[in-house]
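The values are calculated or read from the model by the stated rules, or taken from the named source; none is laboratory data. What you see is a predicted model; the values in this text were computed from it and never measured. No Cβ is skipped: glycine too gets one built from the backbone with ideal geometry, and neighbour counts run over all protein chains shown. When the accessible area is computed, the model is the full protein with side chains, heavy atoms only, and any ligands, DNA or RNA have been set aside. Shrake-Rupley method; radii C 1.70, N 1.55, O 1.52, S 1.80 Å.
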Amino acid sequence: QGQLVESGGGLVQPGGPLRLSCAASGSIFRGNAMAWYRQAPGKQREFVARIYSSGNTNYADSVKGRFTISRDNAKNTMYLQMNSLKPEDTAVYYCNNAWATLAWGQGTQVTVSS
């Protein structure tokens, strides 16, 4: 039984939007900074965005201005709104805490292609 469950991925055309969700158990979500990561084929997993319990956020330079991370503390859920998607955003997207110390979930595949 996973503690982190990602969803919302799919196939989208370049320039299109997509919204990812991450459901987490309350024990690991409450009060903790959470983050999105991604892993493209043949590449290492990389940081995408981080959100603190206060709502402050950080982004990788490659997604700044296009992606928005948010969280609903009442629902123990985190989101990643992705706009102006590019083919290089194609990857499996994962959520974890901000230190990436939890067991990884299955992730959700995002494919940006025409």
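Of everything in the stretch 74-105, what is aliphatic (A, V, I, L, M) and not in a strand (DSSP E or B)? Give them in sequence order. Those that are aliphatic (A, V, I, L, M) and not in a strand (DSSP E or B): ALA74, LEU85, ALA98, ALA100, LEU102, ALA103. Restricting the stretch 14-35 to residues that are in a strand (DSSP E or B) and open to solvent by 40 Å² or more (accessible area, probe 1.4 Å), the residue that is modelled with the lowest pLDDT is ALA23.
Only residues that are open to solvent by 50 Å² or more (accessible area, probe 1.4 Å), under 23 Å from VAL5 (Cβ atoms) and either among the small types (Gly, Ala, Ser) or in a loop (DSSP other than H, G, I, E, B) (or both) were counted across the stretch 48-68, and they come to 2.
Exactly one residue out of GLY8, GLY16, GLY26, GLY31 is in contact (Cβ under 8 Å) with a residue 24 or more places away in the chain, among the small types (Gly, Ala, Ser) and more than 20 Å from VAL110 (Cα to Cα), and it is GLY26. Can LEU11 be described as of a type outside the set (Phe, Trp, Tyr), under 15 Å from the mean Cα position of the chain (by Cα) and either part of a strand (DSSP E or B) or at pLDDT 95 or above (or both)? No, not satisfied.
The residues of the stretch 78-97 that are closer than 15 Å to ALA33 by Cα and open to solvent by 20 Å² or more (accessible area, probe 1.4 Å), listed by number, are TYR79, TYR94. Scanning the stretch 60-114 for residues that are among the aromatic types (Phe, Trp, Tyr) and under 14 Å from ARG45 (Cβ atoms) yields a total of 4. For ARG71, indicate whether it is of a type in the set (Lys, Arg), open to solvent by less than 80 Å² (accessible area, probe 1.4 Å) and not in a loop (DSSP other than H, G, I, E, B). Considered against the rule, which asks whether it is of a type in the set (Lys, Arg), open to solvent by less than 80 Å² (accessible area, probe 1.4 Å) and not in a loop (DSSP other than H, G, I, E, B), ARG71 comes out as yes.
Quick one: is ARG38 open to solvent by less than 60 Å² (accessible area, probe 1.4 Å) and of a type outside the set (A, V, I, L, M, F, W, C)?
Answer is yes for this residue.
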